[in-house]
Amino acid sequence: MSRDRIAFIAGSTRHAQSALKALKKRYGSVEPDDADVVVALGGDGLMLETLHRFMGRKVPIYGMNRGTVGFLLNAYSNRGLRERLVAAKEVELRPLSMKATSIDGARVSAKAINEVALLRQTRQAARVRIRIDGTVRMPELVCDGAIIATPAGSTAYNLSAHGPIIPIGAELLALTPISAFRPRRWRGALLPSSAKLRIDVLEPKKRPVSAVADYTELRDVRTVVVQEDRSATLTLLFDPEHNLEDRILNEQFIP
């Protein structure tokens, strides 16, 4: 596949903008709609925005870290970019589809590359019921919230909530409670990536809950349905020595 026509996208920080200027001067640039590859310059937040922006185009995304954590990005250099793009390894991601309905009947559909999170909005814990593929698996969960994470997102919010790390090719989703109060010892579940989850808020007015898909939020939800969107495949490019699968595997051995 040709990767000659490069479009550059950068965050607003000084480091990202400086890199953008240097790379455009060295390699030229085309408009994103005409590109063989999009190079994103920033942090993981900018990478998520870029993936959402080009989700329908199926153009590969190659990130270089000009932010902080940079888990989804390669190391930055303004030299040898064309050679790096040719040698880069492809990693395919599938986002989650969230369909949420609020108390007043409002409906929101959104995609999530990392996770869908349900979060309590007030001082009171949330009460929710969890169905998997139409079967009630958890009649009542009292908690601060719950996370449904993709393998790529399993090292983000999910890991902070003590959820499992999932290898990229595992065809699994993580369902992780946030500060579960009842049942107190429940630590979540690993689900097949084909699973369809429905979460019903049991007291939506007394104990309001918000639903967030990456950065799309609906407050005061009554029902949230989540499943993998197999029609939307995202392609990330990584240097061979910076492979995402290896990075996720390595996270499991960090004390």
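The values are calculated or read from the model by the stated rules, or taken from the named source; none is laboratory data. Keep in mind that this is a model prediction, so the values were computed, not measured. FYI the Cβ positions are ideal-geometry reconstructions off the backbone, even for glycines, and counts take in every protein chain you see.
Here are the numbers for this structure:
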quantity: Any hit, the stretch 180-198, residues being at pLDDT below 95, closer than 30 Å to A40 by Cα and among the charged types (D, E, K, R); calculated: no
quantity: Whichever residue in the stretch 17-69 is in contact with a Ser or Thr (Cβ under 6 Å, 6 or more places away or on another chain) and free of Cβ contacts under 8 Å to residues at least 60 places away in the same chain and, among such residues, is farthest from R82 (Cα to Cα); calculated: G43
quantity: Breaking point among (1) in a helix (DSSP H, G or I); (2) among the hydrophobic types (A, V, I, L, M, F, W, C); (3) in contact with a helix residue (DSSP H, G or I) (Cβ under 8 Å, 6 or more places away or on another chain); (4) within 25 Å of T233 (Cα to Cα), for L48; calculated: (3)
quantity: Residue match in the stretch 220-229 (condition: surrounded by 14 or more Cβ atoms within 10 Å (Cβ to Cβ) and more than 23 Å from S97 (Cα to Cα)); calculated: no
quantity: Any pair with Cβ under 8 angstrom, 6 or more apart, that starts in the stretch 210-237 at a residue that is in contact (Cβ under 8 Å) with a residue 60 or more places away in the chain and within 14 Å of V108 (Cα to Cα) and ends at one that is of a type in the set (V, I, T) and outside any strand (DSSP E or B); calculated: D214/I113; D220/I103; V221/I103; R222/I103
quantity: Single residue of the stretch 144-172 satisfying the filter (within 12 Å of the chain's Cα centre (by Cα) and part of a strand (DSSP E or B)) that is nearest to L73 (Cα to Cα); calculated: A149
quantity: From the options R123, R84, R127, R137, residue that is in the same structural domain as P204 (by TED's automatic domain parsing), surrounded by 19 or more Cβ atoms within 10 Å (Cβ to Cβ) and more than 24 Å from the chain's Cα centre (by Cα); calculated: R127
